[in-house]
Structures are given as C-alpha cells and as structure tokens.
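Working notes for the structure below.
The values are calculated or read from the model by the stated rules, or taken from the named source; none is laboratory data. Keep in mind that what you see is a predicted model, and the values were worked out from it rather than measured. Every residue, glycine among them, receives a Cβ derived from its backbone with ideal geometry; neighbour counts consider all protein chains shown. The area values use the complete protein model at the heavy-atom level, side chains included, leaving out ligands, DNA and RNA. Shrake-Rupley method; radii C 1.70, N 1.55, O 1.52, S 1.80 Å.
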Amino acid sequence: MIKAARNIVWILVAAATGVGLGSYALAAETYPVKPVRIIVAFPPGGFVDLGARLVAGPLGTALGQQVVIDNRGGAGGIVGTEFAARAAPDGYTLVVGSAGTHAVNQSLYRKLPYSVLRDFQPISRLADAPSILAVHPSFPARSVKELVALARARPGEIMYASAGSGTSTHLAAALFEHLARVKFVHVPYKGGGPMIVDVVAGQVPVTFGTAASVSPHTKSGRLRGLAVTGSQRSAVLPGLLTIAESGVPGYEMLNWLGLFVPTGTPRPTVEKLNVEVLRVVRSPEVRDRLNTAGAEPSPLATEEFAVFVKSEVEKWAKVVAATGMTAE
C-alpha cells in the first residue's frame, strides 16, 4: 500500500511538472502576444533614445508585434530604469541601458533604488560610440591643449553641460577633469536633447556630448569639435583626434547601449529576444544608420553581455572612487 501510494505521488508530481514545462515552452513559442515596450530613461533626442528607436521598428517586425518607445526621463536615468526594474518579468517591458544607468550609477548613488546585477537580465549589447568634446564657436579654445590651459587659468569658472548626473556626458567630463587636473562647473540637464539645445545656443560653452547629439552640429558649424573620447580615432569621425593624443594621456571613455529585461523573465523569452535583437543590430540598415550618428554596432550574446556589464560595474566603481565623482 505504501509503495503504491508513493508511486501515485510521483506520477502526480511528474504530471504536474510536465504540465508546467509544457506551459513554459508554450509561452515561449507564442511570445509575444501583445505589444512590447522599450523604456528609455531619458527624454527624446539623445543617444539612448536614438538607439532604442533604431531597434524598435525592425524588432517589432521580427516579433510580429508593435514595439513602442516609452520615454521616462529624470534623475540621470534613474526614474525610468527603476520603473523597468519593477515591471513584470514577462518580456513585455524592456529597457535600454547605458554605461551611466547600468554601470556608473551603481557606485555614484549611495541609495540607488535598483541593483544592476540583481534586478536586470541582460539581453544584448546594441552599439557603442565615443563622445565628442565640443565647444560653442564663440568659446576661445580651439584645441584640447588650449582648453586645458584656459581651465587652469580660470579654475571653477568654465561651465560644461551634461545630460544628467551619472550619464556618459558627466563621466567623460569628470574623467577629463581628473586626468587633466582642471576644474569645471557641472551643469546637468534632463537628457541629451535639452542639453544640446543650450550648448548650441551658447548658454553653456562646453560639452562632452555623444556623437549622435553633437556631430550634426559640428558638421553644420554650430559647434566646434575638439576631440573624441575613445582610445582610438573613430572610423565615423576620422577628422578628430582622441583626447589622449591631444594632451591628456590615458584618457578613454566609450558610450555603450544594451537591452535589458527584469530579472525573472523566462529564459526562452530572453533567448528569443537575444536572437532577434542580434539579427536586427547586425543588419546593414541599422549599421548604416548607427554609423551616420557616429556609432557602431557592437552586438553581444546574452552570456557575453552579462560578463561585460559586470566588468563595467567594477571598472566604474574604481573610477568613481578615484575621481571623487558625486551626483548632484
């Protein structure tokens, strides 16, 4: 009797497990059955927003569902990123992360309302791009060396605009201050769009803006590009030297974008998203549009991207400690 009872229990457990696995697989096969949204933790107009919009259309076609952009800017990307972290882990809410939101902020803010490594599952890296150190044409410095000399002569007087505390524009400037031994005045904005408007208008003379937001204005003459922030000259911005070779040795700052979902999202859904996102990012159309914006596709598989994000969190923790960066 006891043995028979045990057999019945195991049969029931096996049946229940089979139903569960079957439902799990079915959910993955049918996903998505409704529109998918991508959270952009910044206002329209910046590099993060651009990356999201380049991916959304072709990803929607691949998934057979509309993919909509939901801009939720504020607090250097924290507002939108926290919203995404608290979303249901069902594959219907994605978020575009950056070096700021998914690496630096972890060390920059003492009470960050989310944990990058605990609350998010990486999907794929999308693209990367250098920033451009640019000034308004009325600003007297015409080179990195001239900017450094001017900043040393006027410590704490020259203003620079960023897309917000903890964003790539803030990181690039803080690293420059540290390595060049100068001191600027930080003027944070609520995104790259509002930031670039005021820089072009001459309200703030200096920025380390993303190539996507700055390059159209350097080409038109409304801003003067001084150098790029990467360790090598950009293939899509060949006319600009790097900051490192312009008089600030060891300088390197590269922006990156990637897609994440909340932790707990079913593995088959994560894998499906990764496959489709990689296909989209590798397409000639998306590559060409990224190149036009001064960026390059840099897709990574899920596991590779997870390792990369962890290394970025650790890297910028050291930079934040060394530079004394703070979030206003």
- Task: With a 1.4 Å probe and every protein chain left in place, work out the accessible area per residue of the chain in Å², rounded to a whole number.
- Result: 44 Å²
- Item | Angle between the chain longest axis and helix 47-63 axis [Cα atoms, degrees, rounded to 10] | 30 degrees
- Any chance you could give the angle, 0 to 90 degrees and rounded to 10, that helix 302-323 forms with the longest Cα principal axis of the chain? 40 degrees
- Message: Given points 7 Å out from each Cα along the Cα-Cβ axis, report the Glu271 to Ala321 separation in nanometres with one decimal.
- Response: 3.8 nm
- Return the sequence-ordered ³J(HN,Hα) values of the range 168-174 in whole Hz as given by the Karplus equation 6.51 cos²θ - 1.76 cosθ + 1.60 applied to θ = phi - 60°, using x for Gly and Pro. 4, 5, 5, 4, 4, 5, 5
- Task: May I ask you to list the trypsin sites (Lys or Arg not before Pro) in the range 273-312 that are in a DSSP loop and have at most 12 other Cβ atoms within 10 Å of their Cβ?
- Result: Arg282
- Item | the range 55-124-the range 248-280 distance, computed between alpha-carbon centres (Å) | 10 Å
- Query: Rounded to a whole number, what % of the accessible area of the chain do carbon and sulfur atoms account for, probe 1.4 Å?
  - Reply: 58 percent
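Grab the beta carbon distance between Glu285 and Ser311, set R0 = 25 Å, and tell me the FRET efficiency rounded to 0.05.
Efficiency for this residue pair is about 0.25.
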- Task: Mind listing the long-range amide H neighbours of Ile158? Cut-off is under 5 Å, sequence gap 5 or more, other chains count too, H placed in the peptide plane at 1.01 Å from N.
- Result: Val185
- Message: Quick one: 3J(HN,Hα) in Hz for the range 132-137, Karplus 6.51/-1.76/1.60 with θ = phi - 60°, rounded, Gly and Pro as x.
- Response: 10, 6, 9, 10, 5, x
- Search the structure for amide H atoms under 5 Å from the amide H of Ala41, placed 1.01 Å from N in the peptide plane, and list their residues when 5 or more places away or on another chain. Arg72, Val96
- Task: Could you tell me how many degrees, from 0 to 90 and to the nearest 10, lie between the Cα long axis of helix 267-281 and the main elongation axis, the longest principal axis, of the Cα atoms of the chain?
- Result: 40 degrees
- Using alpha carbon centers only, the range 284-328 is separated from the range 150-215 by a whole-angstrom value of 19 Å
- Asp70 paired with Glu157, simple spin-label distance in nm, labels 7 Å along Cα-to-beta-carbon: 4.8 nm
- Query: Which far-off residues, 5 or more places away or on another chain, put their amide H under 5 Å from the one on Asn255, with H placed in the peptide plane?
  - Reply: Ala129, Ser131
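Only four residue types carry charge here, +1 at the Cβ of Lys and Arg and -1 at the Cβ of Asp and Glu. Report the dipole size of the chain about the Cα centre in Debye, rounded to the nearest 20.
Working: 31 positive and 23 negative charges, 54 e Å.
Magnitude of the dipole: close to 260 debye.
Which trypsin sites (Lys or Arg not before Pro) does the range 93-149 hold that lie in a coil by DSSP with at most 10 other beta carbons within 10 Å?
Working: sites: Arg110, Lys111, Arg118, Arg125, Arg142, Lys145; in loops: Arg110, Lys111, Arg142.
Answer in residue order: Arg110, Lys111.
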